[in-house]
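What follows is a short report on a single structure.
The values are calculated or read from the model by the stated rules, or taken from the named source; none is laboratory data. Predicted, not measured: the structure shown is a model, and the values here were computed from it. Don't worry about glycine lacking a Cβ; one is built from the backbone with ideal geometry, like all the others, and counts go over all protein chains shown. SASA here: full protein model, heavy atoms, side chains in, ligands and nucleic acids out. Shrake-Rupley method; radii C 1.70, N 1.55, O 1.52, S 1.80 Å.
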Amino acid sequence: MRPDLNLDYALLVPEYILGLLALAIIVIDLMMPKIRKDALPFITAGGLAVAFAVSLLYIDTDDNFAGLLSIDDYTTFFRCFFIAVTFVTVLASAQYVQTHLRHPGEYYSLLVISTVGAIYMAAAQELLTAYIALELLSFSLYVLVSYAKMERRSNEAGMKYMLLGAFASALLLYGISFIYGASGSTSYAEIAAAFEGGTEGFTFGTLIGLTLIVAGLGFKVAAVPFHMWTPDAYEGAPLPITAYLSATSKAAGFALLLRLFSGALMPVIDDWQFMLAAVSAITMALGNLIAIQQRNIKRLLAYSSIGQVGYMLMGITALSPEVSSALLLHMTGYVITNMAAFTAIIAYHNASGAEDVSDFRGASDRAPLLAAVLTVALFSLAGMPLFAGFLTKFILFQSVADNGYFWLAALGVVASLVSLYYYLTVIKEMYVSAPPDSFQQEGRFRIPLIMQGAVIVLTLGVFFVGLYPAPLFELTDSVAAVLFTS
Amino acid sequence: MISLEHVLVVGALLFSIGLFIALSRRNAVGVLMGIELMLNSVNLNLIGFARFVEAPRPIDGQVFAVFVITVAAAEAAVALALAVAVYRLRQTIDVDRLNLLKW
């Protein structure tokens, strides 16, 4: 062992807690049949709350573990971010898992394990670590997507997601091998040092490497030429997992992209910027256009999330401290909004079994709270003022335009306008169409208290980001600054 | 004398063959085998670079290859389990016939 390696295991305590939690859930599920299964989500949520509290102790740390994982404010931000998303997902799953799925123990523990993968993707400062973390997240998700074992669509979705994901990993790895060959190292800092001369000494091998890395990571975040798995996985997966996919798996991909491109590939920015600009433009355009003709609410949100990926890729394209800060802000707003939308849809689905947009007709009578929350969330996704989506998009587009990509920002504005159309069709079903005849006998849906609480808190979050963004803005500013100091 | 170019050319050939298999097979297990071939070409590349390129830590590439092998094994386990689950339900693992979900 080399003496200069910093092997301070205390830096990784939040992940140990998560790991132990995952194990504990399986053991409890297995050994204590007396514990009622519906207690499991609350045990998981309790453990996640502890991990969240412990993560907060690392604010202002600037350290690294053996040169593999850096524990700085960026990591702390994403630790809290991912743990919070899993917390919401777990609570939103409670009722759904009980009625639709078997083996709840493994379900919750896989969710927790995938959170560790997502956190390490944000923390990795070395390609091998980043790759292992990526696969930890992906493998958990492959299993979770196909978790409804007896459901044909869930199985099929899992199979497709798995094969395409493995294919993307192979592309990514082939790209990594060329970057390793060109720079002689897998550490971000050393890669940046090797590429210091910029495009001087730039070889064909490096170009292949960069292209394949963009393609491989593009698959993971569902950017357009590589997006084909997304709608299928979203539609087939159990609903809470769809929510989780749209939040954590996207955000983790961007956390990795942001650190990789700012830390390692910044010197060769001229050689990848145009690729990302093109991918971003196609993603925005296609995602929003195909969403128009979707009839299934999960598929609709899948294509809408592809469109959102296009906006976020803009942020990677015009990489600079301000843009990264705006990107983090937009991502936070997007994830809060998306979780609000999905939690409302899960609650509605639990009560009615609805999956198609047309099943939402008359939702304002059948479940007024859920209809209101979903309306807020969809308006925010479309970028209407007052809600989180407008402000974060505005700041993102503005900073991208300031950094020389005005045409991309303009395209983003047009794409947002298009997206308003298909969000409005859902809102129209909920408020304008009359409820089905069965409404007279059934009356309003009864929504469990915990779901009501969750949607209300998330909706308040949407308004909070939209109306008083200053605290969050300062936070993302200081977090993004960490990436560009070294 | 074997040089870096030889290793890379073999790697590229292996990768292309794997890519072709992954894209052309209709059987899910066949696709998986193509992907495994692509991963092996990555290993070949990594080990070649580790041997021939000036690097601060020459062993990095070899360690990377060991991890890739391990992850590939885990990947095969998950994929085959999924294939079994799909086969039980549908009596086929032909990817062309897994077509409930489209557009």
| Does A:Gly453 satisfy the condition of being of a type outside the set (Lys, Arg) and either under 30 Å from A:Ile290 (Cα atoms) or part of a loop (DSSP other than H, G, I, E, B) (or both)? | no
Considering region A:49-66, residues that are in contact with a Leu (Cβ under 7 Å, 6 or more places away or on another chain) and open to solvent by less than 40 Å² (accessible area, probe 1.4 Å), and then whichever is modelled with the highest pLDDT, we arrive at A:Ala51
Per the filter on region B:57-72, residues more than 7 Å from chain A (Cβ to nearest Cβ) and in contact (Cβ under 8 Å) with a residue 24 or more places away in the chain are B:Ile69, B:Ala72
Flagged pairs (Cβ under 6 angstrom, 6 or more apart or on separate chains; first in region A:373-391, free of Cβ contacts under 8 Å to residues at least 60 places away in the same chain; second assigned to a loop (DSSP other than H, G, I, E, B)) are A:Phe379/A:Phe387
Scanning region B:15-28 residue by residue, the ones that are in a helix (DSSP H, G or I) and surrounded by 14 or more Cβ atoms within 10 Å (Cβ to Cβ) total 7
- Check region B:88-103 and report whether any residue there is more than 8 Å from every other protein chain (Cβ to nearest Cβ), open to solvent by less than 10 Å² (accessible area, probe 1.4 Å) and in a helix (DSSP H, G or I). no
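Matching residues to (1) crowded, with 17+ Cβ neighbours inside 10 Å; (2) more than 7 Å from chain A (Cβ to nearest Cβ); (3) outside any helix (DSSP H, G or I); (4) not acidic (Asp, Glu):
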site: B:Val7; (1), (2), (3), (4): yes, yes, no, yes
site: B:Leu13; (1), (2), (3), (4): no, yes, no, yes
site: B:Asn40; (1), (2), (3), (4): yes, yes, no, yes
site: B:Ala55; (1), (2), (3), (4): yes, no, yes, yes
site: B:Ala74; (1), (2), (3), (4): no, no, no, yes
site: B:Leu82; (1), (2), (3), (4): yes, no, no, yes
site: B:Val86; (1), (2), (3), (4): yes, no, no, yes
Subset of region B:42-53, residues of a type in the set (Phe, Trp, Tyr) and more than 8 Å from chain A (Cβ to nearest Cβ), comes to B:Phe52
The residue that is most open to solvent (accessible area, probe 1.4 Å), considering only those in region A:403-428 that are touching a Ser or Thr at 6+ places or on another chain (Cβ under 8 Å) and over 15 Å from A:Leu369 (Cα atoms), is A:Asn403
Region A:111-200: helices (runs of 4 or more DSSP H) wholly inside it with 3 or more residues that are open to solvent by less than 10 Å² (accessible area, probe 1.4 Å) and within 9 Å of chain B (Cβ to nearest Cβ) are A:127-145, A:152-183
Counting only helices (runs of 4 or more DSSP H) entirely within region A:201-282, those with at least 3 residues that are within 20 Å of A:Val335 (Cβ to Cβ) and aliphatic (A, V, I, L, M) are A:239-244, A:250-263
Would you confirm whether any residue within region A:431-445 is closer than 19 Å to A:Gly333 by Cβ and either assigned to a loop (DSSP other than H, G, I, E, B) or touching a residue at least 24 places away in the same chain (Cβ under 8 Å) (or both)? no
